[in-house]
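S.K.: Could you have a look at this structure, given as structure tokens, before my questions?
The values are calculated or read from the model by the stated rules, or taken from the named source; none is laboratory data. On a predicted model such as this, the values are computed, not experimentally measured, just so you know. Backbone-built Cβ (ideal geometry, glycine too); neighbour counts: all protein chains shown. Remember, those area values only see protein heavy atoms, side chains included, never the ligands or the DNA or RNA. Shrake-Rupley method; radii C 1.70, N 1.55, O 1.52, S 1.80 Å.
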Amino acid sequence: MNLLPRTREEFAQTDYWNEFFKKRGEKAFEWYGEYIELCDQIHKYIKPADKILMLGCGNSKLSMDMYDTGFRDITNIDISPVAVKKMMDLNAKTRPDMKFIKMDATEMTFPDESFSVALDKGTLDAIFVNDSEETKEIVDKYFSEILRTMRNGGRYVGISMLQKHIVDYLLEFLPRKNCMLRIVHCLDVERANRERNGEESLTLPVFAIIATKFKSLPMLILEFGLGNDKMQRFHSAMELANAVESVQKAALVCNGLARSSIAGHNEVVMDLHRASEETSRYTVYVLEQMPARGLGKYAAFIVPQGRETEWLFATTAGRRKLLASAKFQRLAVVTLHRDQVYNTLEEVKSELAYSITNLAPAGLKDQIPYLSLGSEVGKRETLISGFSKLSGDFRIEEVEVDGKTLRRLIFLKNQFVVQSEALVKTVKIKGKKDRKKIDFGYLACHHHLYMCVGVQLAPTLECSKKDIQNDVLVIGLGGGGLCSFLHAAYPQTRITAVEIDPIMLEVAEQYFELKQDNRLHVVIDDGLAFVERCSNEGIQFGAVLFDVDSKDLSLGMSCPPLSFLAPKVLMDIKQIIGSTGLFMLNLVCRDETLREEAITNLQKQFASVCSYKLDEDINEIVFCANDERYKTVDQWKKYMGTAGRRLNNAVKVQKLSDKDVLDVADFLSELKI
């Protein structure tokens, strides 16, 4: 199965075509393939018993090779008397049954329905040089004559580069003339052109056009194929045109990658999908570093299912680190998409082989090594496909990572980000079927761990009493992992979670085992409205946590939404936490200007602000307090250290883990104000 590429790069296609046609010069026919490269399509659509008309034969060897393999009834025409005489002299003795006639293909003298096949190798491209009305009139005559001299059930088989104006014309003209239309990407011709003309030459895709004539055609029949793969039927002309354009755009990218290095430039991104499917099956990221001793030339790295959300594979910075550690000059990093079936790593390699080869640097002769994490393609099982009016389509899925089963909530509009994740344990029950259970001691999101330290810090700031009841407000529920951990680790803490989306509460309860009781309560409400109401009514919390993502992915700040940092909201939070409480937010910001504005706004409202930036991540946890005594980083570290040690002790006492969950020394070393 070959894959249809869909590149995200933009190129000046007109300039590229002009350069291509200028450089191919007198070797035009070579670019359309020789018999050996075209024979699969020829034998599929032309039979030895067919009466064949070769349109614009020129000096091509194609009809001679076909004659020698059993196609004896071939009539060749060309407008050039020189070409016709030359071919007659060349074939008179060895191919006596083959005919060569000087004739204009737009004004043929053959009787109606004389042929069962009209074969065109590059003639359409030579005639259809532009989309002017004058040229279209000539092309109209050309196809009218072809259809006039063709029997019902006969086939026009054309080999073409299919510039856009040609595709548009064929899709309008042929269905109107009761013709079924197939277009096939001739992969063998492309490979041969690359070998014949060198890796650094311009190589554009070649297509076979197969138009079958009918007396009447009650429905539109349009099909597309990649090489010898099964034909895929499309419902509209636009779909077929898009398939052709996808192949051509990708060829331009591959030409660019073959002819030049992208070291020091942005990575090139290409999606691969099956011709019959609109959704992508793979995404390929091509990166390159400067040549150096000890580096291999090119390799592909296949990311197993479920690992694509990890920093190393999901971010440009991570992929660049992977490139450096893989020790190859160029690396194609391949991620596998959800809602697809992948059986084995070997099958994936086989399916990707042609596409990966096309992305190789010029002159590569060695076999391309495939790298991965182990020998498995990874497991992904979709438990539910759902829809939220607020967040769009989402999936609950289970993946296998390093021998662990992880259950995830994924929003498809940002599918390389895990919204919520839980560790699934298998509980063995004697005499009964094993059942799955969520491990509440597992915190998938590292930033949640540091928020939990802050929850411990809040009562620490108030007093040293061990039996204090701490009220915590969490804005944003998701799958409920943070709330479930707080509930399990801190039995003297009462949690109120506010979630605007009722679907998320259902997800948390049904798939992540969130349980509400007298210490954990979920309120379905707008978080900002709830905060304002608490401020107005004098309701206070020892800790307030913001872990809310923005629905607008175009902004440089994806968490929290900008509205959550408005001065009025921060004033309400300041009122709610009182003199001894703590406000924490997960800040995810790629725009440094926006980040500085956010920190400045926080510093205007709160007496003391410090933050912890996660390694290899864009998450930053910001801690805010009203107490003047905690303005210095040393004061923060003193109390955070106590809170961190209490967190480690709590998870052991509650039997959530037998090990420390927090490296206190590392955490304290990176705290900044």
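S.K.: Just the residues that are more than 14 Å from Asp120 (Cα to Cα) and surrounded by 14 or more Cβ atoms within 10 Å (Cβ to Cβ), please, taken from the range 130-143. Working first, answer last.
M.R.: The first filter runs over the range 130-143 and keeps only residues more than 14 Å from Asp120 (Cα to Cα), leaving 130-138, 140-141.
Residues satisfying the conditions are Asp131, Thr135, Lys136, Ile138, Lys141.
S.K.: Being without any contact (Cβ under 8 Å) to a residue 60 or more places away in the chain, buried (at least 19 other Cβ atoms within 10 Å of the Cβ) and assigned by the TED database to the domain that holds Pro491: is that true of Gly527 here?
M.R.: So Gly527 fits the description; yes.
S.K.: Counting just the residues of the range 372-398 that are in a loop (DSSP other than H, G, I, E, B) and touching a Gly at 6+ places or on another chain (Cβ under 9 Å), which one comes out farthest from Val333 (Cα to Cα)?
M.R.: So the first thing to find is which residues in the range 372-398 are in a loop (DSSP other than H, G, I, E, B), and the list is 373-379, 389-391.
Still in the list and also touching a Gly at 6+ places or on another chain (Cβ under 9 Å): 378-379.
Numbers: Gly378: 16, Lys379: 19 Å.
That would be Lys379.
S.K.: Restricting the search to the range 387-400, which residues are surrounded by fewer than 18 Cβ atoms within 10 Å (Cβ to Cβ) and of a type in the set (A, V, I, L, M, F, W, C)?
M.R.: Phe387, Leu390 - these are the residues of the range 387-400 that are surrounded by fewer than 18 Cβ atoms within 10 Å (Cβ to Cβ) and of a type in the set (A, V, I, L, M, F, W, C).
S.K.: What are the residues in the range 330-370 that are open to solvent by 40 Å² or more (accessible area, probe 1.4 Å) and part of a strand (DSSP E or B), if any?
M.R.: Tyr370
S.K.: From the set of residues in the range 295-329 that are in a loop (DSSP other than H, G, I, E, B) and within 17 Å of Gln367 (Cα to Cα), which is least open to solvent (accessible area, probe 1.4 Å)? Give the steps one after another, and end with the answer.
M.R.: Initially, the range 295-329 is screened for residues in a loop (DSSP other than H, G, I, E, B), giving 295, 304-310, 315, 327.
Add one more test, that the residue is within 17 Å of Gln367 (Cα to Cα), and what stays is 295, 327.
Values: Leu295: 49, Lys327: 121 Å².
Only one residue fits best here, namely Leu295.
S.K.: Filter the range 263-275 down to the residues that are farther than 15 Å from Val333 by Cα and surrounded by 16 or more Cβ atoms within 10 Å (Cβ to Cβ) and list them by number.
M.R.: The answer is His273, Arg274, Ala275.
S.K.: What is the residue count in the range 374-386 for residues that are of a type in the set (Gly, Ala, Ser) and surrounded by 12 or more Cβ atoms within 10 Å (Cβ to Cβ)? Outline the logic, then answer.
M.R.: First, pick out the residues of the range 374-386 that are of a type in the set (Gly, Ala, Ser): 374-375, 378, 385-386.
Then drop every residue that is not surrounded by 12 or more Cβ atoms within 10 Å (Cβ to Cβ), which leaves 378, 385-386.
Final tally of qualifying residues: 3.
S.K.: Take the residues of the range 545-567 that are at pLDDT below 85 and either closer than 15 Å to Phe623 by Cα or assigned to a strand (DSSP E or B) (or both): which is most open to solvent (accessible area, probe 1.4 Å)?
M.R.: Ser558
S.K.: Inside the range 208-232, can you point out the residues that are basic (Lys, Arg) and either closer than 30 Å to Ser350 by Cα or surrounded by fewer than 18 Cβ atoms within 10 Å (Cβ to Cβ) (or both)? Quick ask: steps written out before the conclusion?
M.R.: Applying the first criterion (basic (Lys, Arg)) to the range 208-232 yields 213, 215, 230.
The answer is Lys215, Lys230.
S.K.: Could you tell me whether the range 144-156 includes any residue that is more than 13 Å from Leu53 (Cα to Cα), touching a Ser or Thr at 6+ places or on another chain (Cβ under 8 Å), open to solvent by less than 10 Å² (accessible area, probe 1.4 Å) and not β-branched (Val, Ile, Thr)? Give the steps one after another, and end with the answer.
M.R.: First, the residues of the range 144-156 that are more than 13 Å from Leu53 (Cα to Cα): 144, 152-153.
Checking the rest, the ones that are also touching a Ser or Thr at 6+ places or on another chain (Cβ under 8 Å) come to 153.
Narrowing further to those that are open to solvent by less than 10 Å² (accessible area, probe 1.4 Å): none.
No: zero hits.
S.K.: OK, next. Where in the range 399-452 are there strands (runs of 3 or more DSSP E), lying wholly inside it, with at least 3 residues that are among the polar types (S, T, N, Q)?
M.R.: On the way: elements: 404-411, 418-427, 435-439.
Filter on the range 399-452 gives 418-427.
S.K.: Read through the list (1) more than 26 Å from Glu397 (Cα to Cα); (2) buried (at least 17 other Cβ atoms within 10 Å of the Cβ); (3) out of contact with any Lys or Arg (no Cβ under 7 Å at 6 or more places or on another chain), then give the number of the only condition that Gln492 fails.
M.R.: (2)
S.K.: Go through the range 315-359 and give me each residue that's farther than 19 Å from Gln289 by Cα and among the aliphatic types (A, V, I, L, M).
M.R.: Looking only at the range 315-359, we keep the residues that are farther than 19 Å from Gln289 by Cα, and these are 335-355.
Scanning the range 315-359 gives Leu336, Val341, Leu345, Val348, Leu352, Ala353.
S.K.: Among helices (runs of 4 or more DSSP H) lying entirely in the range 568-673, which contain 2 or more residues that are open to solvent by less than 10 Å² (accessible area, probe 1.4 Å)? Let's see the steps before the verdict.
M.R.: On the way: elements: 592-605, 633-653, 664-669.
By residue number, 592-605, 633-653.
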